[in-house]
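Colleague: Dumping the structure here so I can ask a few things about it.
Every number here is computed from the coordinates shown, using simple stated rules; none is lab data. Not measured: the values here are computed from a predicted model. Cβ coordinates were reconstructed from backbone atoms using ideal geometry, including for glycine residues, and neighbour counts include every protein chain displayed.
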Amino acid sequence: MVFIGGQFPETMQRETVFMTMKHYLAVEIGGTKLQVALGDGAGLIEERWRAEVRPEWGGEGIREQLAKIIEEVLVSREINAVGVGFGGPVDWGAGTICCSHQIRGWSEFPLADWIRERTGVRVFVENDANVAALGEALNGAGKGMDPVFYTTLGSGVGGGLVVRGRIYHGARPGESEIGHLRLDRAGAIVESRCSGWAVDARIRDEIRRNPTSLLSEMCRGMERGEARHLGLAVEAGDQLACSILKDTAEDLAFALSHVIHLMHPSVLVVGGGLSLLGEPLRDKIARALPCYVMEAMHPVPEVRLAALGEDSVPVGALLLAASGGGRDLDAS
């Protein structure tokens with residue numbers, strides 16, 4: 001990707017709130033979005049840059065965008081550390097990207113070293129679900145609770161566990177990969193039922209069999225993104241939409257029951273694009289959950305919707321940077 005005349009593309013936006021004395025940089029790299037935020041050690045965002053990510057640009061194109069943003073930041077700001085939430089598997093100890101399932105050009109890339117060369121400060125790289133979990137645990141829906149388990153329902157399904165204010169990894173290369181929990185012995189995984197693309201595919205399949213439903217009318221001619229209409233169809237009482245939402249919520253509740261049996265978190269936080277379905281989704285998960293959990297562990301943890309919205313990752317990344325990646329305390 002090329003920046004013409006040194007200018008940012010039209011998809012780039014800059015938002016300024018206010019400024020403090022000590023700064024950290026947060027970076028979110030996803031399959032469709034690049035987001036960079038400047039903020040303080042408490043996770044308060046002061047300035048924000050957003051850019052569209054196009055898969056055809058590959059990892060190199062995204063790094064071009066990121067390098068331009070970093071250059072602009074450093075013209076007028078001194079930063080103390082950088083926290084990164086990456087949408088894919090990472091080696092958090094080495095700061096290396098293992099791979100991206102959506103965009104080429106990231107496999108085995110030393111992202112922490114690359115950013116460190118451009119900033120001269122410490123860089124901490126984590127999977128984006130872990131970073132979002134940290135943000136929600138300390139500043140969002142899980143604030144004041146411990147442990148906190150977070151799951152994100154987006155293009156994939158990710159998870160993160162925060163214990164005593166720190167991301168819990170387990171032994172390498174372990175992570176809280178709830179998206180890859182099996183729902184049956186045939187091999188169906190949570191991601192194949194509860195991710196955005198999986199719900200889109202389910203809707204397409206169902207509306208072919210139910211062409212007269214309201215959801216069918218709303219999604220006519222679409223080939224992706226059908227889940228965005230699910231909430232309105234449910235609100236209107238469409239039976240097909242209600243059935244799809246119920247099945248998705250029950251599949252996720254079944255997966256979360258394993259989290260409860262193994263970790264028994266104080267609260268379960270649900271984020272990501274599908275969480276925008278709001279209370280109908282949260283309520284159905286909460287109602288289904290007790291059926292799958294042994295009585296000795298009742299009452300089950302409360303299910304909450306993520307409170308930070310699209311800021312879960314940037315806020316978490318600021319907190320990650322300020323705490324020294326959870327390896328030390330430097331959030332003063």
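Colleague: Antiparallel DSSP bridges in the chain: what percent, to the nearest 5?
Modeller: Values: 29 of 50 bridges.
If we restrict to bridges inside the chain, about 60 percent are antiparallel.
Colleague: Which cross-chain or sequence-distant (5 or more) residues have an amide H under 5 Å from the amide H of Ile189, H modelled 1.01 Å from N in plane?
Modeller: The answer is Leu183.
Colleague: Right, next: Give me the percent of DSSP beta bridges within region 143-307 that run antiparallel, rounded to the nearest 5.
Modeller: On the way: 9 of 18 bridges.
Percentage antiparallel, nearest 5: 50.
Colleague: Show the residues, 5+ positions off or on another chain, whose built amide H is closer than 5 Å to the amide H of Glu302.
Modeller: Residues meeting the criterion, in which the H sits 1.01 Å from N, are Leu268.
Colleague: Now for a separate question. Across the chain, where is the longest run that never hits chymotrypsin sites (Phe, Trp or Tyr not before Pro) in a DSSP loop with at most 16 other C-beta atoms within 10 Å? Could the numbers behind the result be given before it?
Modeller: Values: sites that count: Phe3, Phe18.
Longest site-free region, per DSSP loop and neighbour criteria: 19-332.
Colleague: In nanometres, what is the gap between the two model label sites at Asp184 and Glu72, each 7 Å from Cα along Cα-to-Cβ?
Modeller: Label at Asp184, label at Glu72, 4.9 nm between them.
Colleague: Considering the Cα trace of region 121-259, what is its radius of gyration and what is Dmax, both in angstroms?
Modeller: That works out to 17.4, 58 Å for Rg and Dmax.
Colleague: Now a separate question. Take the Cβ-Cβ distance between Lys22 and Ala307 as r, set R0 to 30 Å, and report the resulting FRET efficiency rounded to the nearest 0.05.
Modeller: Working: r = 25 Å, r/R0 = 0.82.
The value I calculate is 0.75.
Colleague: Give the calculated FRET efficiency between Lys33 and His298 to the nearest 0.05, with a Förster radius of 35 Å applied to their Cβ-Cβ distance. Please list the in-between numbers first.
Modeller: Working: r = 39 Å, r/R0 = 1.12.
Once rounded, the FRET efficiency stands at 0.35.
Colleague: When all alpha-carbon pairs of the chain are counted, what percent fall beyond 35 Å? Provide the component values of the computation, followed by the final result.
Modeller: Details: 12476 of 54946 pairs.
Of the Cα pairs, 23 percent sit more than 35 Å apart.
Colleague: For Lys284, which lysines qualify as cross-link partners when the Cα separation must be under 16 Å and same-chain residues fewer than eight apart are set aside?
Modeller: In chain and number order, the partners are Lys246.
Colleague: Let me ask another. Using the Cα atoms of region 12-141, I'd like the radius of gyration and the largest Cα-Cα distance, Dmax, both in angstrom.
Modeller: 13.8, 39
Colleague: Please enumerate, by chain and number, the lysines with C-alpha under 19 Å from the C-alpha of Lys68, excluding those fewer than 8 residues away in the same chain.
Modeller: Reachable lysines: Lys33.
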